Each structure stands twice: as C-alpha cells, then as structure tokens.
Amino acid sequence: MHTTVHLLADVPAQLLPARQLMAFTLASHIILVPMGVALPLITLVMHWRGLRRNDPVALLLARRWSAVMAVQFAIGVVTGTVLSFEFGLLWPGLMGRWGDVFGIGFGVEAWAFFLEAVLIAIYLYGWRRLKPRTHFLLALPLPAAALLGAFGILAANSWMNTPRGFSLDSEGNPVDVDIWKAIFTPMFGPQYWHFVVAMLVTAGFVVAGVYAVGWLRGRRDHYHRLGFTVPFTVAAVFTPVQFVLGDSIARSVFHEQPVKFAAMEIVWETDTHVPEYLFGRLNEDGSISGGLKIPQLDSILAGFRADTKVTGLTSVPASDRPTAVQATIAHWAFDIMVLIGSLLALLALWYAWVWLRHRRLPASPWFFRSAACAGVASVVAVECGWITTEVGRQPWIVYQNMRVAEAVTSTRSTSLWIMLGLVIVVYVLVFGAFLAVLLKMRTGWRLADEHRAGHPGGEPETATPYGPRARVPAGDAPAPGGSGAEDGGRP
C-alpha cells in the first residue's frame, strides 16, 4: 500500500471536507483582495493626477473607481467574515491552543477593516461636498488602512509558517507569549512585502485590462488612454520589484522551512548539485516523471553555488512532510506562478521600451491583447502563491508544532460536505450579484457619457457615483443593439 494511503487512513474523516471548505472560501476571497489592498492607492494616484493637471477625465475615473472600490469592499466583507468564522468552526484546535499567541494579527486586521470602512465612506461622501484639496487629503490614509489589514493577516500566516514568541509548558501549551516576536517572525518581512507588491501588480493589471479591451474595440480617446496608462504603469513598475522579492521569499523558505522548499522543488534526497525541474510529477518512490530537468540549477538558485546542499523530503519521516501528491501540487503552483510572473515582466519591459523610446503606448494589437489577459493571469498567480504556501506546509497547521489533523473540528464529515455545497451556492449568488452590479454601473456610466456627448459643455456626471443617478431622457438612450463594440461605450 502506498505511503499516501497509509497517511490518509490515519486522519479523521472531517479533515478532507474541512480542507476543501477552507480552500474554496479562501480561493474565492483572494480574488477580491488585490482590489481591496491596492485599488485605493491606484485610485488616489489618478485623483492626484486630476487635481495637479486640472484634468476632469482623471477625476471622473477616480470617482468611478471609488464606486467600484466600495462595492468590492462590501463583497469582501461577506467573504472575509465567512473566513473568520471558519477559523473557529473548522479549526478549534488551532484557535483553542494557539489563539493567544498569533490572534493579535486578526485583531489588527479587524481594526484596519473598520478604519477602511470609515475612510471609504468619507471618500465617497466627499465628492462634490468637500473642497478638492481637503477631500484628497482625507483620503490619503485609505491605502495605509488597506496595508494595515494585510499586515494583520500576513502576521498571522507568517507565524503559522515560522512560529515564534512563546514557550511550551510541560503539557505542550504555549506560555510566556512575546507579542512582538510572534508578529515579526523570520517569514513576516519577505511574505508581507511579496504579498503587498503582488496586490499592486495584480490590481494594476486587472484595472488596465478593462481599458485594454476598450482600446482593442476602437475606443482610443483620452478616457481609455488614461484609464489604461495609470494602472498599467503602476503594475509595470512593481513587476521587476516582485521578482526580487520573490527570490527573497524563496530563499527565506530555503533557510526557515527546508522541507517546504523540498516540496516546492520536488527534491527527494538531500544532496548537492541538485537539478531544477520545471513542472514534472513526484512519484511515491522519489522518482520524477516528466518535466524539464536543468542540471545543478536548484542548488545554484538556493545558494548561488552548485555545491549548495538542498534538504530533501526524506530528511524527515513521511508523517512530517507533504505527500508526493501534495509536493507535486505545491511544485506546479510554484512553477505556474513563476512562469506567469516572467511573462508579465516581459510585458512590462515591452511597455517600458516603447514608452522610453517614443513616449507613447505600444501600437501593436498583441500588446493590448496581452494586457487584457494580464489581469486574469496575475490573479491566477496570486492563487498559485497561496497554494504553494499552504500545501507546501502540510501536514502542519503550525509548522512543526501542530498537525492539521490535530486542529480539525469534530463535526461530522457529512455536515461539512453539506456546508461546502451550501457555501458554493451562496458564493455563486454573491459573485453573480457583484458582477451584475458592476455591469449595471458600467451601463449607467456609458449612458451618462453618451448623454453628455450630445450636450456639449455639460458638467461631467452630474449625479454622484454612489447615490441616485439622474435619469437619462428616453430620447437620448441608444437604440437596441447599439451598445456593442462600435458604440464607444466605456467601462
């Protein structure tokens, strides 16, 4: 019988559905996180540009993005609250024993959440109600609040990867908690900055991708040029930074979590001159099927020398390391993330090369096709990053201190499977409503633009983006079937 089968036979029946439920809700929530963390900063960059250059189009974009920000925040409240409850409901062993050590991170995130909610409300209310300078200055703390929320969550997660700041009594319970050491663990810095820059890159590419689609459909006006250029520039600037940070966090994993690093690189035996495998599958006997083998590269990447010793999975008992299947999942997720990051870096270099030489956007349709796909690709990369982090840590929920099986709830597995089905249905409805609201907002903005285009000199968007919108006269509405690519509608 395979080692994996032996290990699965020793875990409670609740473990698989609990993992699937947590994985689904986390994967769903993380789709919204880049916009929650980075969209406030991108919006304020556009707002600042509008004020400095007295550009009403830039201010219009900032106002519309602030409306999207508010809707996204509301949906994020729903998905984030579900995750908070799941920590206690699905993993009572974790929270019961270790909550006093790392729970401060969740407390920081909660305070940041309330602060961000207040600041978003002020920012939305301030349009047309506050002086321009006052309105902008009041919004400046908004990106900091979003980063503070990420600080809390990443502090908790990095502690789970490299637990510090406590001692264990005779019964194995944590005592003498040092909050500062529990927050600023060895993995916190690399993990936090890697995450924050990933959010900036992802949000920039996602927002720019919307306007890239409009550009491909022939909408080459100032509105779409500006809506594309500002967020894409933010993403392009931070993409090479992310490569440096990605290398830093991989090196930190190599030193602090060598078994996880072995899973990420599917290294079976501890050795020097270890080859790098691009993709490939790890088998139960340690052999590797498929993939592209590059001799000695893994050792070189880990320690800048071919004779660098890389710890293998067999350095610990089978019960203390990821299974062959889990290692393969972590390895593929890691490779996909790196591949997407490499392609995004090439896209950013293309953009920079043309801009620095000609001071204009690239003219090739393939550039904008790539830019339109970059947003989705960057979200996939973020998902792969979290898969690498969580699957590579298995079987530990607190690295080398508590196994996932020890933390799981005692609720019947059947109940958990039913709960998973209900959550999937609810999330489909929630995200469907989110998409419907965004499309309705886009339609309202398009009609407002067409109405204004027919009345030269009219004030841009008289109705605020968060309140009741003035009705467009029936005679000014576009004819049925006239809202396609050729009508110049704007996102």
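The values are calculated or read from the model by the stated rules, or taken from the named source; none is laboratory data. All values derive from a computational prediction rather than experimental measurement. Note that we place each Cβ from the backbone using ideal geometry, even for glycine, and neighbour counts take in every protein chain shown. Side chains included, ligands, DNA and RNA excluded: accessible areas come from the protein's heavy atoms. Shrake-Rupley method; radii C 1.70, N 1.55, O 1.52, S 1.80 Å.
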Qualifying positions in segment 177-191 - open to solvent by less than 20 Å² (accessible area, probe 1.4 Å) and either part of a helix (DSSP H, G or I) or touching a Cys at 6+ places or on another chain (Cβ under 6 Å) (or both): ALA182, ILE183, PHE188, GLN191
Looking for whichever is in contact with a Gly (Cβ under 8 Å, 6 or more places away or on another chain) and β-branched (Val, Ile, Thr) here; the options are VAL376, VAL398. Which one fits? VAL376
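May I ask you to verify whether ARG357 is of a type in the set (Lys, Arg), at pLDDT below 90 and open to solvent by 20 Å² or more (accessible area, probe 1.4 Å)?
Details: of a type in the set (Lys, Arg): yes; at pLDDT below 90: yes; open to solvent by 20 Å² or more (accessible area, probe 1.4 Å): yes.
Yes; evaluated as a whole, the condition is true for this residue.
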Pair list, Cβ < 8 Å and 6+ apart or interchain, from segment 367-396 residues that are without any contact (Cβ under 8 Å) to a residue 40 or more places away in the chain to residues that are of a type in the set (S, T, N, Q) and open to solvent by less than 20 Å² (accessible area, probe 1.4 Å): none
In the list SER378, SER342, SER364, which residue meets the criterion of being under 28 Å from VAL197 (Cα atoms), surrounded by 15 or more Cβ atoms within 10 Å (Cβ to Cβ) and not acidic (Asp, Glu)? SER378
Would you call ILE294 at positive phi and in contact with a strand residue (DSSP E or B) (Cβ under 6 Å, 6 or more places away or on another chain)? no
Contact list, first residue from segment 51-79 and open to solvent by 10 Å² or more (accessible area, probe 1.4 Å), second anywhere and in a helix (DSSP H, G or I) and of a type outside the set (A, V, I, L, M, F, W, C), beta-carbon distance below 6 Å, six or more apart or interchain, is LEU51/PRO132; VAL57/HIS222; VAL57/TYR223; LEU59/GLY50; TRP65/THR43; GLY76/GLY36
Have a look at PHE106, PHE73 and point out the one that is closer than 30 Å to GLY165 by Cα and aromatic (Phe, Trp, Tyr). PHE106
Residue count, segment 210-231, condition surrounded by 24 or more Cβ atoms within 10 Å (Cβ to Cβ) and either free of Cβ contacts under 8 Å to residues at least 40 places away in the same chain or within 18 Å of the chain's Cα centre (by Cα) (or both), comes to 1
If we ask which residues in segment 258-282 are surrounded by 15 or more Cβ atoms within 10 Å (Cβ to Cβ) and polar (S, T, N, Q), their number turns out to be 1
